[in-house]
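Worksheet for the structure shown next.
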Amino acid sequence: MTLATLLDAVEVSKLRQANYNAQIVDRTDVHDELTILRVRPDHGITEFAPGQYSVMGLGMWEPRVPDCEDEHLEEKDLRRIVKRAYSFSCSMLDRSGCLRRPAEFPYFEFYVVLVRQGEEHPPGLTPRLFALGPGDRLFVGPKATGHYTLERVQPDDDVILVATGTGEAPHNAMVAHLLSSGHRGRIVTITCVRQRRDLGYTEIHRQLELAHANYRYLTLTTREPENLDASRRDFVGKQYLQECFESGDFERDSGVRLDPGRTQVFLCGNPAMIGAPRHDANGETCFPRPVGMIEILSRRGFRPDEKSHPGNIHYEKYW
Ligand SMILES: Cc1cc2nc3c(=O)[nH]c(=O)nc-3n(C[C@H](O)[C@H](O)[C@H](O)COP(=O)(O)OP(=O)(O)OC[C@H]3O[C@@H](n4cnc5c(N)ncnc54)[C@H](O)[C@@H]3O)c2cc1C
Ligand SMILES: NC(=O)c1ccc[n+]([C@@H]2O[C@H](COP(=O)([O-])OP(=O)(O)OC[C@H]3O[C@@H](n4cnc5c(N)ncnc54)[C@H](OP(=O)(O)O)[C@@H]3O)[C@@H](O)[C@H]2O)c1
């Protein structure tokens, strides 16, 4: 028997009542390990800027889906809430296929991948989130946070939204906002995933491309057969974002030139893709290895946006 099953139903019900403030109103599984959750907070939908995030949380007493790394809970942990940050994603189109601003939807939308195995400790939240369905309750943070927003984007700027995996979530909200507010510059979303099935919003992006001449949706994969099997005639190897930008493929496929004078780039997801620099003791900028997108863009004249020094590279690391 696990410690969690030691809490009786009455105590679990009291804990849920005391700690939860929102309800799942819809769950659309892209596949077993990737889902789109729509959540309605009891306190109503709070305002958020496209690109911002909130938190979701569940009690450690909640059940986890099977086949996840074992978790050894101590008695003192049982009544704790595990909370994690999640970017606001966006449905972009309403039921009749009309483009809507993120704030026009009567729910928060989150795009979540199931982490079965942690790096340093067993994953606390996603094995529990994936056990929920419509009607189930959870904790959602009362406000939106974060500086990964479109604040610096001017109406004629080209905007490039670069993501790995669920790092696409905030870009969906940004795309809905930019297109619905008549943004005049070009907008390109480019997302790299293991397999095509990990692209949960493709159909909507394709509809938006058809309806808006200034919008492009590009995708890369790294674990499809053509990425892995060198004996295939269509073998292309793993397609990483860094190579795509370095080789000129991005500019060719998107039709957008990497001009730092009129382009804002947004990077979200895997920290190794982003490659955020640090400053050494002498104030020199040191880039991590393997090479990340910030180093590649810096060589092309872009610079990270900082409070004290505005720039045209914006980034959000997911871990
Ligand atoms: C600002 C911010 C916004 C975020 N938005 C999202 C989002 O919209 N969707 C989402 O799925 N996650 C998002 N995350 C990650 C999220 O907060 C959790 O870390 C993640 O859902 C896993 O939670 P966990 O408790 O199961 O495992 P954790 O203990 O939190 O993570 C364990 C390990 O899983 C890996 N991991 C975590 N998140 C991801 C991910 N998204 N994709 C690939 N590997 C990952 C990392 O290796 C991490 O060390 C965001 C994180 C931050 C900081
Ligand atoms: N996506 C799935 O189908 C799947 C299935 C089961 C479990 N999971 C779990 O979900 C979590 C996240 O998976 P995820 O696929 O969404 O996110 P992810 O592991 O961050 O991978 C997303 C994409 O980023 C690529 N990538 C990895 N390192 C990179 C780097 N240094 N620079 C540029 N790109 C890089 C990956 O390529 P690589 O192929 O080289 O990794 C992949 O194409 C993991 O815990 C995983 O175990 C995912």
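Figures for the structure shown
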| item | result |
| --- | --- |
| Three-way shape call for the stretch 143-217 based on the alpha-carbon gyration tensor, with the a/c threshold at 1.5 | oblate |
| Leading residue at positive end of dipole, the chain (Cβ point charges), from Trp319, Ser254, Gly185 | Gly185 |
| Nearby aspartates and glutamates by direct alpha-carbon distance to Lys307 (threshold 17 angstrom, same-chain neighbours under 8 apart not counted) | Glu151, Glu316 |
| Cβ charges +1 (Lys, Arg) and -1 (Asp, Glu), total dipole of the chain, debye | 580 debye |
| Proximal aspartates and glutamates relative to Lys238, as straight alpha-carbon distance under 18 Å, when same-chain residues fewer than 8 apart are discounted | Asp198, Glu224, Glu226, Asp229, Glu246, Asp249, Asp253 |
| Gyration tensor (alpha-carbon) shape descriptor, the stretch 1-69, a/c threshold 1.5 | oblate |
| Long-range HN-HN contacts of Arg303 with modeled amide H, under 5 Å | Asn312, Ile313 |
| Global geometry of the stretch 158-317, whether rounded, prolate or oblate, following the gyration tensor of its Cα atoms and the 1.5 cut on a/c | oblate |
| Dipole of the stretch 158-317 [Lys/Arg +1, Asp/Glu -1 at C-beta], most positive-end residue of Leu208, Gly292, Leu267 | Leu208 |
| Extreme residue, positive dipole direction of the stretch 3-140, given options Gly44, Phe139, Leu58 (C-beta unit charges) | Gly44 |
| Rh by Kirkwood over Cα pairs, then Stokes-Einstein D for the chain at 1.002 mPa s and 20 °C, µm²/s | 102 µm²/s |
| Residues of type lysines that Lys14 reaches as a straight line, Cα spacing below 25 Å, ignoring anything fewer than 8 places off in the same chain | Lys76, Lys83, Lys143 |
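A short reminder: the numbers here are calculations on the coordinates, not readings from a lab. Quick caveat, the model's predicted, so the values are computed rather than measured. So basically every Cβ, Gly included, is an ideal-geometry build from the backbone, and we count neighbours across all protein chains shown.
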